[in-house]
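Below is one structure; the comments refer to it alone.
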Amino acid sequence: MAEKTDWEMMAANLLKAELKRKGVTYAQLVDKLAAIGVDEKEVNVRNKLSRGKFTAAYLLQCLSAIETSSLHIGLN
């Protein structure tokens, strides 16, 4: 299995932090994604965030679903 790159880890941590900040569980994220037309299962969400393997489009869908309007990325 390929190792998670720093960029993949950063993307996964960014999304996990935003979910935590908003108090959204993976199950709730699945419901919110469904509301915007994205069919996803909780186990798939958990795996994607665990592996850090997801597209930029998926990241944007998740952020949109949880109504995130701005992010502080903190790149140096």
Quick check on segment 14-27: of everything there that is assigned to a helix (DSSP H, G or I) and touching a residue at least 12 places away in the same chain (Cβ under 8 Å), which residue is farthest from Leu71 (Cα to Cα)?
Ala27
Restricting attention to segment 28-65, the residues that are in a loop (DSSP other than H, G, I, E, B), crowded, with 18+ Cβ neighbours inside 10 Å and hydrophobic (A, V, I, L, M, F, W, C) number exactly 1
Somewhere in segment 34-48, is a residue at pLDDT below 95 and of a type in the set (Gly, Ala, Ser)?
no
Where a residue in segment 52-76 is at pLDDT 90 or above and its partner, wherever it lies, is surrounded by 10 or more Cβ atoms within 10 Å (Cβ to Cβ) and in a loop (DSSP other than H, G, I, E, B), with Cβ under 6 Å and at least six apart:
Gly52/Lys4; Gln61/Val38; Ala65/Ile36; Ile66/Val24
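The values are calculated or read from the model by the stated rules, or taken from the named source; none is laboratory data. Given the structure is predicted, the values throughout are model-derived calculations rather than measurements. As a convention, Cβ positions derive from the backbone with ideal geometry for all residues, glycine included, and neighbour counts pool all protein chains shown.
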